[in-house]
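For reference, the structure is listed below as structure tokens.
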Amino acid sequence: MPFDRLVRAMDEWAGANAQVPVEIQIGRGSFEPRHATFVRTLPLADYRARVSECRLFVAHCGMGSIISAIEAGKPILMLPRLALLGEHNTDHQLATARHVGT
């Protein structure tokens with residue numbers, strides 16, 4: 001599902017921090033970054049390679065993202081998707097963020 005809120009925030013950060021390379025996987029979102037490089041989707045092998053090469057992994061609060069960061073030994077900054085904003089069907093990522101973030 002689209003997560004334009006996170007993509008937009010990361011693109012704004014990339015614009016303010018041009019010396020730091022930022023890559024974003026945007027999926028089916030409608031917002032296309034202007035300051036960061038982006039792809040819609042990545043094959044799993046490429047996704048894992050990018051996670052292993054990054055300094056900080058920024059993602060939604062899905063367990064797949066969390067596990068990817070742990071397996072790669074990377075710090076993760078998470079933002080939960082919200083149902084109210086059409087980013088997911090439920091707000092279960094809020095509970096994941098509370099649980100994992102403590």
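Looking at this structure, is residue 99 under 18 Å from residue 2 (Cα atoms), open to solvent by 30 Å² or more (accessible area, probe 1.4 Å) and without any contact (Cβ under 8 Å) to a residue 40 or more places away in the chain?
Details: under 18 Å from residue 2 (Cα atoms): no; open to solvent by 30 Å² or more (accessible area, probe 1.4 Å): yes; without any contact (Cβ under 8 Å) to a residue 40 or more places away in the chain: yes.
When the stated conditions are applied, residue 99 does not pass them.
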What is the one condition in (1) in a helix (DSSP H, G or I); (2) open to solvent by less than 90 Å² (accessible area, probe 1.4 Å) that residue 90 does not satisfy? (1)
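Tally the residues that are in a loop (DSSP other than H, G, I, E, B) and crowded, with 18+ Cβ neighbours inside 10 Å, restricting the search to the stretch 74-87.
Here is the first cut: in the stretch 74-87, the residues in a loop (DSSP other than H, G, I, E, B) are 74-75, 80-82, 86-87.
Now narrow it down to the ones that are crowded, with 18+ Cβ neighbours inside 10 Å: 80-81, 87.
Final tally of qualifying residues: 3.
The values are calculated or read from the model by the stated rules, or taken from the named source; none is laboratory data. Note that the structure is predicted; figures quoted are calculated from it, not measured. With ideal geometry, Cβ positions are generated from the backbone for all residues, glycine too; neighbour counts draw on all protein chains shown. Please note that ligands, DNA and RNA were not included when accessible areas were found on the heavy atoms of the full protein model with its side chains. Shrake-Rupley method; radii C 1.70, N 1.55, O 1.52, S 1.80 Å.
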